[in-house]
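Below: one structure, written as structure tokens.
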Amino acid sequence: MARLQVYLPDDLYELVKARGLSVSKLLQKAVRAELRRRDLLAETDRYVADLVAEVGPPMVAREAKIHQNVTAPGVNRLLLLLSHSAHYRPLCAP
């Protein structure tokens, strides 16, 4: 097992010691969590890139939906007009 020297601000060191926590175990868990977080972010980026390649960027899909609604009667036309209002916040995606 590798040995490392870690520096903590005095206040953080005092909090850890006052609670009887192991800095070594905390650091191991934190490093594992950070590595996992970065792996998940990388996987998310790959997924989004694949999705964009398959269906196009999100705004293109939204603009296509708006264009489709321009010719729709009644409620769809009203929703389209509201969607351009600065105060309109939809409760769910149409």
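Here, each number is a calculation from the coordinates, and none is a lab measurement. Because the structure is a prediction, the values reported are computed rather than measured. Here the Cβ is made from the backbone with ideal geometry for all residues, glycine too, and neighbour counts use every protein chain on show.
For region 1-47, the set of chymotrypsin sites (Phe, Trp or Tyr not before Pro) satisfying both a DSSP loop assignment and a count of at most 13 other C-beta atoms within 10 Å is given as 7.
With r defined as the distance between the Cβ atoms of residue 18 and residue 45 and R0 fixed at 30 Å, what FRET efficiency is calculated, to the nearest 0.05? Step by step, r from the Cβ atoms, then E = 0.15.
Work out the length of the dipole vector of region 1-55 about its Cα centre, built from +1 on the beta-carbon of each Lys and Arg and -1 on the beta-carbon of each Asp and Glu, and round it to the nearest 20 debye.
Charge dipole of region 1-55: 440 debye, to the nearest 20.
Residue by residue, region 20-31 carries 3J(HN,Hα) couplings of x, 8, 8, 4, 4, 5, 4, 5, 4, 5, 5, 5 Hz when phi is fed to the Karplus relation 6.51 cos²θ - 1.76 cosθ + 1.60 (θ = phi - 60°); x denotes Gly or Pro.
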